[in-house]
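Written below as structure tokens is the structure these notes are about.
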Amino acid sequence: MFSVYILLSEKDKRTYIGYSHDVNQRLQQHNSGQVRATEHRLPLHVLFTEEFETEREARSRELWWKSSSGRNALKRYFKERE
């Protein structure tokens, strides 16, 4: 089982999108500074996750979230939470 995760930086309120077979372990790696892309944006917390049967499905969904359509959906998500 693979998960797509979206992390939110408490420092700069920006998001990070990735996928992993173990979201909790991956979050720990992010928050301990082991991931170059997020090491200066700590702390991070999980905004939400989606689960998929295969790595291919998870990677496809990750790419969608990183596309303009996915980013627009994420913006709408934040507007609804305000």
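I'd like the FRET efficiency for Leu42 and Ser69, computed as 1/(1 + (r/R0)^6) with the beta carbon distance as r and R0 of 25 Å, rounded to 0.05.
Details: r = 29 Å, r/R0 = 1.14.
For Leu42 and Ser69, the calculated efficiency is 0.30.
Calculate one ³J(HN,Hα) per residue across the range 42-56 by plugging θ = phi - 60° into the Karplus curve 6.51 cos²θ - 1.76 cosθ + 1.60, and present them in order as whole Hz with x for glycine and proline.
6, x, 10, 9, 6, 7, 6, 9, 9, 9, 9, 5, 10, 5, 4
If exposed trypsin sites (Lys or Arg not before Pro) are those in a DSSP loop with at most 10 other Cβ within 10 Å, what is the longest stretch of the chain that has none? Kindly include the intermediate steps, with their values, before the conclusion.
On the way: sites that count: Lys13, Arg36.
With a cap of 10 other Cβ atoms within 10 Å, the longest stretch comes to 37-82.
Using a Förster distance of 25 Å, how high is the FRET efficiency between Asn31 and Lys79, based on the Cβ-Cβ distance and rounded to 0.05?
0.40
Cα extents of the chain along the three principal axes, largest first, in whole Å?
Here the Cα extents, ordered largest to smallest, are 30, 29, 18 Å.
Expressed as a rounded percentage, what relative contact order does the chain have, with Cα pairs under 8 Å and six or more residues apart? All intermediate terms of the calculation are to be shown ahead of the outcome.
Numbers: 117 pairs, mean separation 28.8, N = 82.
After rounding, I find 35 percent.
Of all GluC sites (Glu not before Pro) in the range 6-67, which ones are in loop regions per DSSP and have a Cβ with at most 14 other Cβ atoms within 10 Å? All intermediate terms of the calculation are to be shown ahead of the outcome.
Details: sites: Glu10, Glu39, Glu50, Glu51, Glu53, Glu55, Glu57, Glu62; in loops: Glu10, Glu39, Glu53.
Here the GluC sites (Glu not before Pro) that fit, given the DSSP loop and packing criteria, are Glu10, Glu39, Glu53.
Using a 1.4 Å probe on the protein heavy atoms, what percent of the accessible area of the range 22-61 belongs to carbon and sulfur? Spell out each step's value before the answer.
Values: 1140 of 2770 Å².
Ligands and nucleic acids excluded, carbon and sulfur give 41 percent.
The values are calculated or read from the model by the stated rules, or taken from the named source; none is laboratory data. In this text, all values refer to a predicted model and were calculated from it rather than measured experimentally. Using ideal geometry, Cβ is built from the backbone for each residue, glycine included, and neighbour counts are taken over all protein chains shown. Areas reflect the complete protein model, heavy atoms only, side chains present, ligands, DNA and RNA absent. Shrake-Rupley method; radii C 1.70, N 1.55, O 1.52, S 1.80 Å.
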